[in-house]
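A short write-up of the structure that comes next.
The values are calculated or read from the model by the stated rules, or taken from the named source; none is laboratory data. Since this is a predicted model, take the numbers as computed values, not measurements. Note that we place each Cβ from the backbone using ideal geometry, even for glycine, and neighbour counts take in every protein chain shown.
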Amino acid sequence: MKFLIPLLLFTVSAFGAETLHVYTWADYVSPDVITKFERANDCKVVIDTFDSNETMYAKLKAGATGYDLIFPTSYMIQLMEQEGLLLDLDSARLSNLKFIDPDILTKVHDRTMKRSVPYTLGYAVIAYRKDKVKDPQPTWAMFDRADLSQRITLFDDMRETIGAALKFLGHSINTRDDAQLAAAKEVLLRWKKNAAKFDNEGYKAGLDSGEFRLVHGYSGDLFQVTQQNDKVGILIPREGVTASCDEMVIPKSSPQPALAHALINFLLDPKVAAENMEWMGYLCPNTEALKLVGKDFLENPAVTIPAEIKAKSEVIQDLGPDIAKYTKVWDAVKSE
Amino acid sequence: MKRSSIPLLITLAVVVFLHAPLVVLIVNSFNASRFGGTWEGFTWTWYEKLWQAGDVWDSVVVTLKVAIGATLASMLLGTLAALALHRFRSRLQSVHHTLVMMPLALPDILMGMSLLALFVALGVQTGMLTIWIAHTTFCTSYVAMVVLGRLQDFDFTLLDAARDLGANRSQAARKVLIPLLAPGILAGGLLAFTLSIDDYVITFFVSGPGTTTLPLRVASMMKTSRNLPVINALSTLMISLTFIAAALSFRLQRRSS
Amino acid sequence: MKRRRQELLLTLPSLAWLVVFFAIPAVLILAIAFRPGDLRGGVGEGWTLETVKALGNPIYLPVMWRTFWLSAATTLSCLALALPMCWHMARVTPRWRHFLLLLIVLPFLTNFLIRVFAWKSLLHPEGLVKQALVWLHLASEDTLLLNNAGAVLLVLIYTQLPFAILPLYAAAEKFDFTLLDAARDLGATGWQAFRKVFVPGIRQGIVAAAVIVLVSSLGQYVIPQIVGGTGDEMIGNKIAQRAFSDRNLPLASALSGALLLIVLIPTLRIAWRSRKEGRD
């Protein structure tokens, strides 16, 4: 029963302190950073994770009102705002807002950071096993490679995967054109024959273990894998990639808005952001923090993609009722 | 007459089949490799990391709280239901019987969705309460089924004998019925406990902030490659605990008979 | 009247609970299926048949077919394995019987997800099983044991077996084995006795086991998600996708309603049958 006593102490200590509930992606904030915050503010931080924006949103709409800080992707925020779910931020409590890179603000929905603050910038890219893949090329056409058949994974995400096909064809990932979407569908049905599965999170473990040889993944997650396994390499497709900005928001129903503000500000502190970045592998659009990170972190292609590809990259936008067109394509791809 | 050895062989094969993944888990909890595809050396690392994994222990606490609550509630509701179903035969009991048996047949995803729809409609916040309600609902059916089975084998003349010897109805119930039913109620409770700590799908639908149970935590850990074998270490611990508990109860049963 | 009062007292707690937390939610699900979805992820206003009509979409056919055959195959395989097992267990000494039961139930007490995940490890392209099969020349280097329908079927059978064994065992325990001796005396072989005396004798147990496994398999979605490939989705995956990814609660409800109706038919039949037989 050796673990009972620390367990009891653990739960008892949680009663005295205040608790901040965070709802975010898996492996998305450094545990050391969280511990520092807990100590500095005498509180406990409880992290629940979601693996898709839609699941998070469904949970919120179903009445999960106890969250204090949520990390949705930018396109989701427009919807959440329209539903009146978000609290107006008190900029007086967010002294570190000044460190946010102004360039990122041109890409997000909320340019004045009234209700959301950018957290990371990431890209959907390809990663591969250097020991198993011959002649890797930085292009979405890698998914057509017959020699890698059944060892490939694609994202189980409608916008990301259709977006990759659209980029491969040279179109915009936010297109509403039926002909372009039909062409993307054909491409995806072709890629599907080579793919082992559609996967959003298990690809990291699969690539690391050799179950998969080529995966569709997020830059930061793949960065983490390269840190642990030097047989993994990253490819940035030259046709352009989807960029996503995850942001921090406080729901109106938050029980601890003051503490939530404190955590946002803490995460924006340049030293903290630098430490967090290097752990996560994602870029925080924080000008001061970027000066503090190691050079090899910055030069990693997963973190800083080449400028010419960046120019061809787009952010996923909410498409309103036209999303039904994408749903139709996705359904067809998944069931045929 | 020669007895075919096929049934024996099949039984042995099935037992090996059922236990193969467990062996893999236990072996991999000591495997230095992060994935268990190949053996890369013996290590205690995953057990050390398990010890430090606060979020895993938090979810164990949540899981146990819900399981104990749901087990107690379903033992009560299930036993009452079984008693009613066994003793009375009316239209009401036919409806009752159908309602009690149906959760057994309903796929988890339907149960989860319907409960979520209810909580949304009522505006109830998802959290410990909703998980407890969900678990109690499906556990009650299992307890009722087990106790009902026990009641069908129960010799009710024992109760008549007790009354002949002067006991009133409530005394007969307390001193004869309940003690003899107790093993069935406990068996049902044990089943309910097991189902509750293992539930993933229904809990996924009705959980809320800070109520990540162990299965939910395992699911999210399964998707990240860093600390996966910690789960193998935890599983090995749980398997060992279960084995020890089972062996003990086996011993106790042998002693009493 | 006192008897009636007693009945009500005993029945009310569980009845009330189940009506509120089981019956009403089930009706709610069916009701939501008749509302339009709204893009914001909620349920729209008003009533419509559009959502239910959307079930007619041909894309659901392959999924339903796949769900059905996988569930049927799982059920038949489980029965095929469980029947000889229960035959054996019912004929050995009680000590062995209890020991075997313990061995069967023990894995069941481990976390479901972890067991499924352990199969990913076992069936890994570079794992032991694959290496053994290659060494035995039963598989080539390129054969993939994971991410296909075979893996889904295997893991389905694995997780559903205990559910088949337990009801069958309960029925086998009550079976009068002297009937078999009588059959043998009349000249039947072991196999004939098994087929014509044992199997019909535990018919109720077989039906119960079949229904439990079939219904449980129909609603699965975690197993196809973890060990299945791109073409192995079952109806449960579609429901989860509609509910969470597509933010289309009415359509998820409509699919759930359809599944519910399919599941209800064998279940109710069993419930009424067993109630009738219990009464006699």
> Looking at region C:68-87, is at least one residue over 30 Å from C:ASP232 (Cα atoms), out of contact with any Leu (no Cβ under 9 Å at 6 or more places or on another chain) and surrounded by fewer than 16 Cβ atoms within 10 Å (Cβ to Cβ)?
Replying inline: no
> Does B:SER141 fit the bill of being under 28 Å from A:GLY63 (Cα atoms), surrounded by 24 or more Cβ atoms within 10 Å (Cβ to Cβ) and under 16 Å from the mean Cα position of the chain (by Cα)?
Replying inline: yes
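Which of the residues spanning region A:158-179 are surrounded by fewer than 16 Cβ atoms within 10 Å (Cβ to Cβ) and under 25 Å from the mean Cα position of the chain (by Cα)?
If the condition is that a residue be surrounded by fewer than 16 Cβ atoms within 10 Å (Cβ to Cβ) and under 25 Å from the mean Cα position of the chain (by Cα), then A:LEU169, A:GLY170, A:SER172, A:ARG176 are the ones that fit.
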> Looking at region B:74-128, which of its residues are surrounded by fewer than 19 Cβ atoms within 10 Å (Cβ to Cβ), facing chain C (nearest Cβ under 8 Å) and of a type in the set (D, E, K, R)?
Replying inline: B:ARG87, B:ARG89
>> Can you tell me how many residues within region C:240-271 are within 7 Å of another protein chain (Cβ to nearest Cβ) and in contact with a Gly (Cβ under 6 Å, 6 or more places away or on another chain)?
In response: 1
> For the subset of region B:35-59 comprising residues that are touching a residue at least 24 places away in the same chain (Cβ under 8 Å) and at the interface with another protein chain (Cβ under 8 Å from one of its Cβ atoms), which member is farthest from C:LYS130 (Cα to Cα)?
Replying inline: B:ASP58
> From the list B:THR63, B:THR71, which one is of a type outside the set (Asp, Glu), in a helix (DSSP H, G or I), within 19 Å of B:LEU237 (Cβ to Cβ) and at pLDDT 90 or above?
Replying inline: B:THR63
>> Give all pairs with beta carbons closer than 8 Å in which a residue from region B:6-30 that is more than 9 Å from chain C (Cβ to nearest Cβ) meets a residue that is crowded, with 17+ Cβ neighbours inside 10 Å and of a type in the set (A, V, I, L, M); count only pairs at least 6 apart in sequence or on separate chains.
In response: B:ILE26/B:ILE239; B:SER29/B:ALA233
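Can you tell me which residue within region A:132-157, out of those that are hydrophobic (A, V, I, L, M, F, W, C) and surrounded by fewer than 17 Cβ atoms within 10 Å (Cβ to Cβ), is farthest from A:GLY217 (Cα to Cα)?
Going through region A:132-157, the residues hydrophobic (A, V, I, L, M, F, W, C) turn out to be A:133, A:140-143, A:146, A:148, A:152, A:154-155.
If we keep only those that are surrounded by fewer than 17 Cβ atoms within 10 Å (Cβ to Cβ) too, we end up with A:141, A:146.
Numbers: A:ALA141: 15, A:ALA146: 20 Å.
By that ranking, first place goes to A:ALA146.
Here's the yes/no breakdown for (1) at pLDDT 80 or above; (2) under 30 Å from A:PHE50 (Cα atoms); (3) of a type in the set (A, V, I, L, M):
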position: C:ILE157; (1), (2), (3): yes, yes, yes
position: C:LEU179; (1), (2), (3): yes, no, yes
position: C:ALA182; (1), (2), (3): yes, no, yes
position: C:VAL207; (1), (2), (3): yes, no, yes
position: C:GLY219; (1), (2), (3): yes, yes, no
> Tell me, which residue of region B:204-217 that is aliphatic (A, V, I, L, M) and crowded, with 23+ Cβ neighbours inside 10 Å is nearest to B:TRP132 (Cα to Cα)?
Replying inline: B:VAL206
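In this structure, does A:ALA182 turn out to be more than 23 Å from the chain's Cα centre (by Cα), away from chain B (no Cβ under 11 Å) and either surrounded by fewer than 18 Cβ atoms within 10 Å (Cβ to Cβ) or not in a helix (DSSP H, G or I) (or both)? Walk me through it before giving the result.
Working: more than 23 Å from the chain's Cα centre (by Cα): yes; away from chain B (no Cβ under 11 Å): yes; either surrounded by fewer than 18 Cβ atoms within 10 Å (Cβ to Cβ) or not in a helix (DSSP H, G or I) (or both): yes.
Criteria met by A:ALA182.
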> Do the conditions hold for A:PRO321, that is, is it within 13 Å of another protein chain (Cβ to nearest Cβ), part of a loop (DSSP other than H, G, I, E, B) and over 21 Å from the mean Cα position of the chain (by Cα)?
Replying inline: no
>> Checking B:ARG34 against (1) closer than 25 Å to B:HIS135 by Cα; (2) in a loop (DSSP other than H, G, I, E, B); (3) among the charged types (D, E, K, R): exactly one of these is not met. Which one?
In response: (1)
>> Restricting to region A:79-132, count the residues that are more than 21 Å from the chain's Cα centre (by Cα) and on the phi > 0 side of the Ramachandran plot.
In response: 1
> For region A:125-140, what are the residues that are part of a loop (DSSP other than H, G, I, E, B) and closer than 14 Å to A:ALA164 by Cβ?
Replying inline: A:PRO138, A:THR139
>> If C:GLN220 satisfies all but one of (1) in a helix (DSSP H, G or I); (2) within 11 Å of chain B (Cβ to nearest Cβ); (3) touching a Gly at 6+ places or on another chain (Cβ under 7 Å), what's the number of the condition it fails?
In response: (1)
> In region B:191-213, how many residues are in contact with an Asp or Glu (Cβ under 9 Å, 6 or more places away or on another chain) and either polar (S, T, N, Q) or under 16 Å from B:ASP58 (Cα atoms) (or both)?
Replying inline: 7
>> One residue is enough: does region B:173-196 have a residue meeting the conditions out of contact with any Phe, Trp or Tyr (no Cβ under 8 Å at 6 or more places or on another chain) and crowded, with 22+ Cβ neighbours inside 10 Å?
In response: yes
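If you take just the helices (runs of 4 or more DSSP H) that sit entirely in region C:78-140, which of them hold at least 3 residues that are at the interface with another protein chain (Cβ under 7 Å from one of its Cβ atoms) and under 25 Å from the mean Cα position of the chain (by Cα)?
Helices (runs of 4 or more DSSP H) meeting the threshold: C:94-105, C:112-122.
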>> Tell me whether region C:166-175 contains one or more residues that are surrounded by fewer than 19 Cβ atoms within 10 Å (Cβ to Cβ), modelled with pLDDT of 80 or more and of a type outside the set (A, V, I, L, M, F, W, C).
In response: no
> Are any of the residues in region A:208-215 more than 23 Å from A:VAL333 (Cα to Cα), touching a helix residue (DSSP H, G or I) at 6+ places or on another chain (Cβ under 8 Å) and in a helix (DSSP H, G or I)?
Replying inline: yes
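Please go through region A:25-44 and give me each residue that is within 11 Å of another protein chain (Cβ to nearest Cβ) and either crowded, with 22+ Cβ neighbours inside 10 Å or in a loop (DSSP other than H, G, I, E, B) (or both), ordered by number. Working first, answer last.
Filtering region A:25-44 for residues within 11 Å of another protein chain (Cβ to nearest Cβ) gives A:25-28, A:31, A:34-35, A:38, A:44.
Residues satisfying the conditions are A:TRP25, A:ALA26, A:ASP27, A:TYR28.
Any chance region C:146-166 includes a residue that's within 14 Å of chain A (Cβ to nearest Cβ), within 20 Å of the chain's Cα centre (by Cα), without any contact (Cβ under 8 Å) to a residue 60 or more places away in the chain and not in a loop (DSSP other than H, G, I, E, B)?
The answer is yes, given that some residue of region C:146-166 is within 14 Å of chain A (Cβ to nearest Cβ), within 20 Å of the chain's Cα centre (by Cα), without any contact (Cβ under 8 Å) to a residue 60 or more places away in the chain and not in a loop (DSSP other than H, G, I, E, B).
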